[in-house]
Amino acid sequence: MRKTVIELRRADLTLGSAAAAVHVLKGIDLKVDAGEAVGIVGPSGSGKSTLLMVLAGLERLDSGEIFVNGEALHTLKEDALADFRGRNIGIVFQSFHLIGNMTALENVALPLELANRHDAFAVARAELEAVGLGQRLHHYPGQLSGGEQQRVAIARALAPNPTVLIADEPTGNLDGETGRQVADLLFAMQAKRQTTLILVTHDPALAARCSRQIKVRSGMLDGSEERPPRQAEVMPA
């Protein structure tokens, strides 16, 4: 029996205040098991990216509960939440979010240094070699292509060996062929390490590579899921 790694119970969140308030998540219940690759899809403004940020521990719920790897995130204070996130959750963003004045090696080593890992640079080097960038260790982000920058971001996210890998439109800033190569790498690394992957994408082909897809509409799960080999019916983001 697989272990449940992520669980949301009646998750509710409103962003903004007064006349600008938007009820983004509306009583969502969700379970994700260890090693799953889950694609979150839905139309623009449906709440899928906000849901991803809640799962990453970057947005707090107004009400409801969230458990990740057995930890009740809704009960943690900010410092404890940041520490938990650093040890358990890796995040890959659409826009890479690399630090421009740091080399690829320094970018990947940074979260390990913040966690006081004495082997930060040795691990960072190994992770960059694993994503095919062993010859680009000392290059700065501005000296790397978009695909290479996203590979650095994947290496950085995986370096702490997280339980959960969060990916927000990871191929959205890449051309078709480069995006396919990055997606191949992402899924290969996830399968090799049996990391739980939560992926938001507007790309039906990328979403279809996940073990299941969850549709978000108007802040709620629509009740239907798609699992390969059946092709998902996805609304554009």
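Matching residues to (1) assigned to a strand (DSSP E or B); (2) without any contact (Cβ under 8 Å) to a residue 12 or more places away in the chain; (3) charged (D, E, K, R):
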{"residue": "N161", "(1), (2), (3)": "no, no, no"}
{"residue": "I166", "(1), (2), (3)": "yes, no, no"}
{"residue": "T171", "(1), (2), (3)": "no, no, no"}
{"residue": "L197", "(1), (2), (3)": "yes, no, no"}
{"residue": "A205", "(1), (2), (3)": "no, yes, no"}
{"residue": "R209", "(1), (2), (3)": "no, no, yes"}
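In the range 127-142, of all residues being exposed (fewer than 13 other Cβ atoms within 10 Å of the Cβ) and in contact with a helix residue (DSSP H, G or I) (Cβ under 7 Å, 6 or more places away or on another chain), the one that is nearest to A155 (Cα to Cα) corresponds to G134. If you filter the range 30-61 down to residues that are assigned to a strand (DSSP E or B) and charged (D, E, K, R), you find that the one that is most open to solvent (accessible area, probe 1.4 Å) is K31. Within the range 173-195, being surrounded by 19 or more Cβ atoms within 10 Å (Cβ to Cβ) and assigned to a helix (DSSP H, G or I) holds for G179, V182, A183, L185, L186, M189, Q190. Considering each of A120, A104, A124 in turn, give the residue that is open to solvent by less than 20 Å² (accessible area, probe 1.4 Å), without any contact (Cβ under 8 Å) to a residue 24 or more places away in the chain and either in contact with a Pro (Cβ under 9 Å, 6 or more places away or on another chain) or not acidic (D, E) (or both). The match here is A120.
The sole residue among V54, V92, V24, V108 that is among the β-branched types (V, I, T) and over 28 Å from E127 (Cα atoms) is V24.
Among the residues of the range 158-185, the ones that are of a type outside the set (S, T, N, Q) and in contact with an Asp or Glu (Cβ under 9 Å, 6 or more places away or on another chain) come to 6 in all.
Go through the range 120-140 residue by residue and tally those that are over 15 Å from M189 (Cα atoms), small (G, A, S) and in a loop (DSSP other than H, G, I, E, B). So the answer is 1.
The values are calculated or read from the model by the stated rules, or taken from the named source; none is laboratory data. Computed from a predicted model, the values in this text were never measured in an experiment. In this analysis, Cβ positions are derived from the backbone assuming ideal geometry, glycine residues included, and neighbour counts consider all displayed protein chains. These area figures cover heavy atoms from the full protein model, side chains too; ligands, DNA and RNA do not enter into them. Shrake-Rupley method; radii C 1.70, N 1.55, O 1.52, S 1.80 Å.
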